[in-house]
Amino acid sequence: MSDIAIREYIHTDIDEMRRLHQAFGDFIKDILPPEMYKFDAPAEGGFETWLAGTRQPDKRILVADLGDGRLAAYILGTVESEPGQQIAMWGYVDDLFVDEHHRRHGLGGRLMTEMEAWFKSRGCGAVGVDSWLANPEASKAYAAMGFLPDFTGFVREL
């Protein structure tokens, strides 16, 4: 797996990114109960809207490139400001997804390391990431990367 390159997303990755984004959505649908999935279910045209929203200077997508036109994983990070806090600039990992055929080989960690370097270059003093309670494997992976549990979120329909 060390021959897999970590690099920035480029426009020619769009079909592979669409495939990974769909696989991420399918994964979420599989692990979440229906009453929770409705809060994360993609809308019609959701991928295009999501991708357009990533084209901002405070956001970055990195991919794990297999070298043959296929992608194995991606991470989306955002630099966020927390005025009035001791740590005023944070890096936030919006998405981290590794295709099921490439899990448990360190790709998530490699993507996280590269994203953290970018966060540091942007002045961030900490990084945060969320995970669904229904995804204990992700919680284990984040703990192995040195993340500490911080909070539990709650949602309800209005």
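Since every read-out is calculated from the coordinates, none of them should be taken as a lab result. Computed from a predicted model, the values in this text were never measured in an experiment. Using ideal geometry, Cβ is built from the backbone for each residue, glycine included, and neighbour counts are taken over all protein chains shown.
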For the chain, radius of gyration divided by Kirkwood radius, i.e. Rg to Rh on alpha-carbons: 0.94
Over the stretch 1-84, consider all pairs of different Cα atoms and compute the Kirkwood hydrodynamic radius from their mean reciprocal separation; express it in Å, one decimal. 14.4 Å
For the stretch 93-158 and the stretch 1-67, compute the distance between their C-alpha centroids and round to whole Å. 14 Å
Label THR54 and HIS11 with points 7 Å out from Cα along Cα→Cβ: what is the distance between them in nm? 1.6 nm
Most exposed first, judged by fewest Cβ atoms within 10 angstrom, PHE27, PHE151, PHE97 run PHE151, PHE27, PHE97
Can you work out the FRET efficiency for the pair ARG70 and ASP94, with r the C-beta to C-beta distance and R0 = 25 Å, to the nearest 0.05? 0.65
Once Lys and Arg get +1 and Asp and Glu get -1 on their Cβ, which of LEU96, ALA64, PHE147 lies farthest toward the positive end of the dipole of the chain? PHE147
How about the stretch 56-125: which trypsin sites (Lys or Arg not before Pro) there are in a DSSP loop, with at most 12 other Cβ atoms within 10 Å of their Cβ? ARG104
Can you list the chymotrypsin sites (Phe, Trp or Tyr not before Pro) in the stretch 39-74 that are in a DSSP coil and have 11 or fewer other beta carbons within 10 angstrom? PHE39
If the reach is capped at under 24 angstrom between alpha carbons, list the lysines near LYS59, excluding any in the same chain fewer than eight residues apart. LYS120
Once you put a point 7 Å from the Cα of GLN85 and another 7 Å from the Cα of PHE39, both along the Cβ direction, what distance in nm separates them? 1.9 nm
Taking GluC sites (Glu not before Pro) in a DSSP loop with at most 14 other Cβ atoms within 10 angstrom as exposed, one finds the longest site-free stretch of the chain at 45-156
Residues other than TYR142 with Cβ under 11 Å of its Cβ, Lys/Arg counted +1 and Asp/Glu -1, net out at -2
